[in-house]
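The values are calculated or read from the model by the stated rules, or taken from the named source; none is laboratory data. Bear in mind that the values here come from a model prediction, so they are computed numbers and not experimental data. So basically every Cβ, Gly included, is an ideal-geometry build from the backbone, and we count neighbours across all protein chains shown. For the accessible areas, the whole protein counts, side chains as well, though only heavy atoms, and no ligand, DNA or RNA atoms are used. Shrake-Rupley method; radii C 1.70, N 1.55, O 1.52, S 1.80 Å.
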Amino acid sequence: MKSYLIKRLLAMIVTLWVIITLTFFLMHSIPGSPFNEERATSEAVQKNLEAYYHLDEPLLVQYGMYLKSVVTLDFGPSIKKSSQTVNEMLGRGFPVSFELGMVTLMIATLSGIILGIIAALRHNGLIDYLAMTIAVLGISIPNFVMATLLIQQVAVNWGILPVATWTSVRHMILPTLALATGPMALIARLTRSSMLEVLTQDYIRTAKAKGLSPVKIVVKHALRNALLPVVTVMGTLAASILTGTFVIEKIFAIPGMGKYFVESINTRDYPVIMGTTVFYSAILILMLFLVDLAYGVLDPRIKLHKKEGR
């Protein structure tokens, strides 16, 4: 286990370094600078600003300085909002984005698993067809389209829920639903197909022959193995949800990281773009690592061991 953890830690560091490097050089490969649009600013002032933010240094020097800032966890000041640092923006916006993402992930996971189990137990029945129709629609409709439909129908036409901001539980419902429909549909399809396969196994037949109740067979014996494919996609699913919040936050005017990230791209605020990318990449890499560890919890047959002769 110790050897495995060390190898994974090194792999995570290398992965994060590759992401930082690619993002840094791709971002700087775009012609121009963040101060090009400041037409009211003289050329001398622009040069002073570039010197202040070290944008006049050679690219490799800037790259080395940024790697140092990442190691010290200091992402520097925002270019467009000089009174704020990137760390302050992350501290203010990330808790909101994280709350939205985690609530969405929990709702999508629980509802998707329940829907998949019901569809598998009612295989080729009306409930199965209805559940899979909902799943197909959930996968087919992008979250920003779903957000627009929910706003128009639920908020504007019916007037049931508020449209924007993030001040109460009622404000969380529409953006959470907009984000959760796609992941819920994917989890439902995976759970259904995996559960159908597990229910045909010999140990399930044995459990039925012993007279165990259907609920006990599903919960205690079938569900644990059926969840392995779901766990497989949880890392990438969490990634898509957390990054998908950026668009949803912009649509619903939620004060999360999406607000800062979208603005930073439009204004070419390099520190905010890099800081957000590094921060989210580190979190998502950690999530993928936790997913790997979850395999051993769900299936004790999956163990970490050294190969013989090594």
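Only one residue of V163, H123, I173 has its Cα farthest out toward the positive end of the dipole of the chain, where Lys and Arg carry +1 and Asp and Glu -1 on Cβ, and that residue is H123.
Structure note, pairs K2/K68; K80/K259; K47/K250; K81/K259; K47/K80: Cα-Cα distances above 24 angstrom occur for K2/K68; K47/K250. Since only G112, I139, L90 are under comparison, the one whose Cα sits farthest along the positive direction of the charge dipole of the chain, derived from C-beta charges on Lys, Arg, Asp and Glu, is G112.
The packing ranking, built from the mean of other Cβ atoms within 10 Å per residue, places the peptides 5-14, 282-291 in the order 282-291, 5-14, highest first. Modelled label positions at K7 and N48, each set 7 Å beyond Cα in the direction of Cβ, lie 5.6 nm from each other.
For T85, the residues 5 or more places off, or on other chains, whose built amide H falls under 5 Å of its own are S78. Summed over qualifying helices (DSSP H, 4 residues or more, each -39500 (n - 2.57)) and divided by its residue number, the chain shows a 222 nm mean residue ellipticity of -23500 deg cm²/dmol. Whole-Hz Karplus values for the range 52-64 come out as 5, 8, 6, 7, 8, 6, x, 4, 5, 5, 4, 5, x Hz, taken residue by residue from phi with 6.51 cos²θ - 1.76 cosθ + 1.60 and θ = phi - 60°; glycine and proline positions read x. Could you list log10 I(q)/I(0) for the chain at q = 0.06, 0.10, 0.16 Å⁻¹, which the Debye formula gives when each Cα is one point scatterer? Reported log10 I(q)/I(0), two decimals: -0.29, -0.73, -1.29. Placing pseudo-labels 7 Å out from each Cα toward the beta carbon at D292 and V14 gives an inter-label distance of 1.1 nm. Over the range 58-119, the pair-distance histogram of Cα-Cα distances with 10 Å bins from zero comes to 18, 26, 22, 16, 13, 4, 0 percent, rounded to whole numbers. Backbone geometry of the range 134-143 corresponds, through the Karplus equation with coefficients 6.51, -1.76 and 1.60 at θ = phi - 60°, to 3J(HN,Hα) couplings of 4, 5, 5, 5, x, 6, 6, 8, x, 5 Hz, x marking Gly and Pro.
P(r) tail, the range 1-107: Cα-Cα pairs separated by more than 23 Å, 48% of all pairs. Cα-based radius of gyration for the range 85-189, normalised by 2.2 N^0.38 Å, reads 1.24.
Shown in residue order for the range 83-95 are the 3J(HN,Hα) couplings computed by the Karplus curve 6.51 cos²θ - 1.76 cosθ + 1.60 at θ = phi - 60°: 7, 10, 9, 5, 4, 5, 5, 5, x, 8, x, 5, x Hz (x for Gly and Pro).
Put simply, when 74-80, 127-133, 256-262 are sorted by average Cβ atoms within 10 angstrom per residue, most first, you get 256-262, 74-80, 127-133. Computed about the Cα centre, the dipole magnitude for the range 91-200 is approximately 100 debye when only Lys and Arg (+1) and Asp and Glu (-1) carry charge, each at its Cβ. The charge dipole of the range 186-277, taken about its Cα centre with unit charges on the Cβ of Lys, Arg, Asp and Glu (plus for the first two, minus for the last two), comes to roughly 600 debye. Measuring nothing but protein heavy atoms, the accessible surface of the chain at 1.4 Å probe radius is 68 percent carbon and sulfur.
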